[in-house]
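Undergrad: Here it is, the structure, as structure tokens.
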Amino acid sequence: MMRVGHGYDAHRLVAGRRLVLGGVTIPHERGLLAHSDGDALIHAVCDALLGAAGLGDIGRHFPESQSALSGIDSRILLRRTLGLIDALGFQVANVDATVVAQEPKLAPYFAAMRENLAADLRIDPGQVNLKGTTTEGMGFAGREEGIAAHAVALLGRVTNTE
């Protein structure tokens, strides 16, 4: 059985925060405002995985009301999400994601992001595809007020080969 899920996340860009996407700190004068480290890419991937498994969304499992999650590295949330997926007998087949940002240019960081996501999901980097796009000055991303990410994940049932 195969299951597909979609995830979306967006955060406001603010001064005084690091910009973290895909677990990579990217040099930029502003970072993403959030309860966690604000990694919109990983949050979208978590939502896609949770959606494919029928487990709701990231806010249900890791709510802002949990003070222990304040400032948490989103890679930890991704690994915890994978634990939820594993418990249901699913494995990740692939993840495809798009980051929407006018600035900074993200292409130089995609290889490191892909490696982080693949490592945390225990899959081959070839099973992770990342893309970036601008909105050509339109909307909140185009005005550089924030960054968004979309992700799609495909899950399959773990099969016992014994």
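Undergrad: Filter the stretch 102-127 down to the residues that are outside any helix (DSSP H, G or I) and in contact with an Asp or Glu (Cβ under 8 Å, 6 or more places away or on another chain), then identify the one that is surrounded by the most Cβ atoms within 10 Å (Cβ to Cβ).
TA: The extreme case among them is GLN102.
Undergrad: Conditions first: (1) at pLDDT below 95; (2) touching a Phe, Trp or Tyr at 6+ places or on another chain (Cβ under 9 Å); (3) not hydrophobic (A, V, I, L, M, F, W, C). ASP47 passes all but one, so which condition is the exception?
TA: Here ASP47 clears every test but (1).
Undergrad: Tell me the residue from GLN66, GLN102 that is more than 15 Å from the chain's Cα centre (by Cα), in contact (Cβ under 8 Å) with a residue 12 or more places away in the chain and under 23 Å from ARG12 (Cα atoms), please.
TA: GLN102
Undergrad: Here is a follow-up. Would you call ALA148 in a strand (DSSP E or B), closer than 15 Å to ALA44 by Cα, hydrophobic (A, V, I, L, M, F, W, C) and in contact with a helix residue (DSSP H, G or I) (Cβ under 9 Å, 6 or more places away or on another chain)? Talk me through it step by step, then tell me what you get.
TA: Working: in a strand (DSSP E or B): yes; closer than 15 Å to ALA44 by Cα: yes; hydrophobic (A, V, I, L, M, F, W, C): yes; in contact with a helix residue (DSSP H, G or I) (Cβ under 9 Å, 6 or more places away or on another chain): yes.
It is true that ALA148 is in a strand (DSSP E or B), closer than 15 Å to ALA44 by Cα, hydrophobic (A, V, I, L, M, F, W, C) and in contact with a helix residue (DSSP H, G or I) (Cβ under 9 Å, 6 or more places away or on another chain).
Undergrad: Taking LEU130 as meeting all but one of (1) under 16 Å from the mean Cα position of the chain (by Cα); (2) closer than 15 Å to LEU50 by Cα; (3) not in a helix (DSSP H, G or I), write down the number of the exception.
TA: The number of the failed condition is (2).
Undergrad: A follow-up question, please. Give me the pairs: first residue in the stretch 122-139 and within 18 Å of LYS105 (Cβ to Cβ), second residue aromatic (Phe, Trp, Tyr) and surrounded by 10 or more Cβ atoms within 10 Å (Cβ to Cβ), beta-carbon distance under 7 Å, and six or more apart or on different chains, which are they?
TA: LEU130/PHE110
Undergrad: I've got another one for you. Within the stretch 5-26, is even one residue without any contact (Cβ under 8 Å) to a residue 24 or more places away in the chain and charged (D, E, K, R)?
TA: Yes, the conditions are met somewhere in the stretch 5-26.
Undergrad: So GLY7 ticks every box in (1) within 22 Å of GLY132 (Cβ to Cβ); (2) not in a strand (DSSP E or B); (3) not polar (S, T, N, Q) but one. Which box is left unticked?
TA: Looking at each condition in turn, GLY7 falls short on (2).
Undergrad: If I filter the stretch 69-78 down to residues being over 9 Å from CYS46 (Cα atoms) and under 11 Å from the mean Cα position of the chain (by Cα), which single residue comes out as surrounded by the fewest Cβ atoms within 10 Å (Cβ to Cβ)? Outline the logic, then answer.
TA: Going residue by residue through the stretch 69-78, those that are over 9 Å from CYS46 (Cα atoms) are 69-76.
After this cut, where a residue has to be under 11 Å from the mean Cα position of the chain (by Cα) as well, the list is 74-75.
Details: SER74: 28, ARG75: 18.
Only one residue fits best here, namely ARG75.
Undergrad: Does the stretch 22-46 hold any residues that are within 8 Å of the chain's Cα centre (by Cα) and not in a loop (DSSP other than H, G, I, E, B), and which are they?
TA: Within the stretch 22-46, ALA40, LEU41, ILE42, HIS43, ALA44, VAL45, CYS46 meet the criteria.
Undergrad: Residue check, ASP120 against (1) over 16 Å from the mean Cα position of the chain (by Cα); (2) closer than 15 Å to HIS43 by Cα; (3) not hydrophobic (A, V, I, L, M, F, W, C), all met but one. Which one?
TA: Single failed check for ASP120: (1).
The values are calculated or read from the model by the stated rules, or taken from the named source; none is laboratory data. Everything numeric here is computed off the predicted structure, so don't read it as measured data. Note that we place each Cβ from the backbone using ideal geometry, even for glycine, and neighbour counts take in every protein chain shown.
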